[in-house]
Ligand SMILES: Nc1nc2c(ncn2[C@@H]2O[C@H](COP(=O)(O)OP(=O)(O)OP(=O)(O)O)[C@@H](O)[C@H]2O)c(=O)[nH]1
Ligand SMILES: [Mg+2]
């Protein structure tokens, strides 16, 4: 392993958006980290997303991985474990930042996990009031149900390779809780976590339904609590 960073981007039914977003993502990443690899991990798309991603970016640094079942967390987990960078950074196809990547790569040796926290002092969160409220409520649940001290787990993050190799295989959660469980387990294991402020600019309107996520998320947090106490 000698590359500085692997970028993992889960994608689902993004055939329309990838032609404008992926070239921009590749340009931002390679300007910040010329030796980076970018893993686009698609699963379960019905619109030819993987083929579009391959045709938009036919050469390294982009690798396109395609898996059967739609699952954001499973895609992230697969990408993390298939990557080989000294850092692993997760981006969404509509939410990424070369500046955050530079911040990750500039961390001192004793930092293991960098979170772009939408709730850190100095962050500018330009999403709708409802989405910001959902982030706040989710964080209150994380603190009360799981005793976490981090202020955000969803969104851009950078993980050291050693943390990924040790903790990612133990994570049981899938979908939108994979990365939350990974952060919580890393926190419990004593890894050093740093939160950095971020300007949240989503490059298109949110697509997912918050209402559908609420019961699933609450059940998922209790499942994580049981899993980490085993
Ligand atoms: N591989 C994979 N990627 C997914 C899946 N669902 C969403 N994604 C990707 O996850 C990222 C975020 O999805 P969005 O649809 O933009 O989510 P959103 O409505 O903005 O909601 P949040 O970002 O979670 O607040 C994008 O890169 C999507 O393509 C899935 O089932 N599998
Ligand atoms: Mg989005």
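Coordinate-derived values only; no laboratory data. Just so it is clear, the structure is predicted and the values come from calculations on it, not from any experiment. Note: ideal-geometry Cβ built from the backbone for every residue, glycine included; neighbour counts use all protein chains shown.
Any chance you could count how many residues in the stretch 119-133 are within 16 Å of ligand 2 (Cβ to nearest atom), in contact (Cβ under 8 Å) with a residue 24 or more places away in the chain, outside any strand (DSSP E or B) and under 28 Å from residue 225 (Cβ atoms)?
Narrowing the stretch 119-133 to residues within 16 Å of ligand 2 (Cβ to nearest atom): 125-128, 130-132.
Adding the requirement that they be in contact (Cβ under 8 Å) with a residue 24 or more places away in the chain leaves 125-128, 130-131.
From what's left, outside any strand (DSSP E or B): 126-128, 130-131.
So of that shortlist, the ones also under 28 Å from residue 225 (Cβ atoms) come out as 127, 130-131.
Going through the stretch 119-133 one residue at a time, the tally reaches 3.
Output the residues belonging to the stretch 184-210 that are part of a helix (DSSP H, G or I) and either within 16 Å of ligand 2 (Cβ to nearest atom) or under 30 Å from residue 23 (Cβ atoms) (or both).
Matches in the stretch 184-210: 210 only.
List every residue pair whose Cβ atoms lie under 6 Å apart, where the two residues are 6 or more positions apart in sequence or sit on different chains, the first residue falls within the stretch 89-111 and is farther than 22 Å from residue 192 by Cα, and the second residue, located anywhere, is within 16 Å of ligand 2 (Cβ to nearest atom) and part of a loop (DSSP other than H, G, I, E, B).
Once the first residue is farther than 22 Å from residue 192 by Cα and sits in the stretch 89-111, its partners that are within 16 Å of ligand 2 (Cβ to nearest atom) and part of a loop (DSSP other than H, G, I, E, B) give 93/14; 94/202; 94/203; 94/204; 95/202.
Got a sec? Which of 75, 116 is in a strand (DSSP E or B), within 30 Å of residue 149 (Cβ to Cβ), within 16 Å of ligand 2 (Cβ to nearest atom) and touching a residue at least 60 places away in the same chain (Cβ under 8 Å)?
On inspection, the qualifying residue turns out to be 116.
Residue by residue through the stretch 134-150, note down the ones that are away from ligand 1 (no atom under 16 Å from the Cβ) and either in contact with a helix residue (DSSP H, G or I) (Cβ under 8 Å, 6 or more places away or on another chain) or outside any helix (DSSP H, G or I) (or both). Break it down into steps so the answer makes sense when it comes.
The first filter runs over the stretch 134-150 and keeps only residues away from ligand 1 (no atom under 16 Å from the Cβ), leaving 140, 143-150.
Within the stretch 134-150, 145, 146, 147, 148, 149, 150 qualify.
Output the residues belonging to the stretch 35-53 that are in a helix (DSSP H, G or I) and within 16 Å of ligand 2 (Cβ to nearest atom).
49
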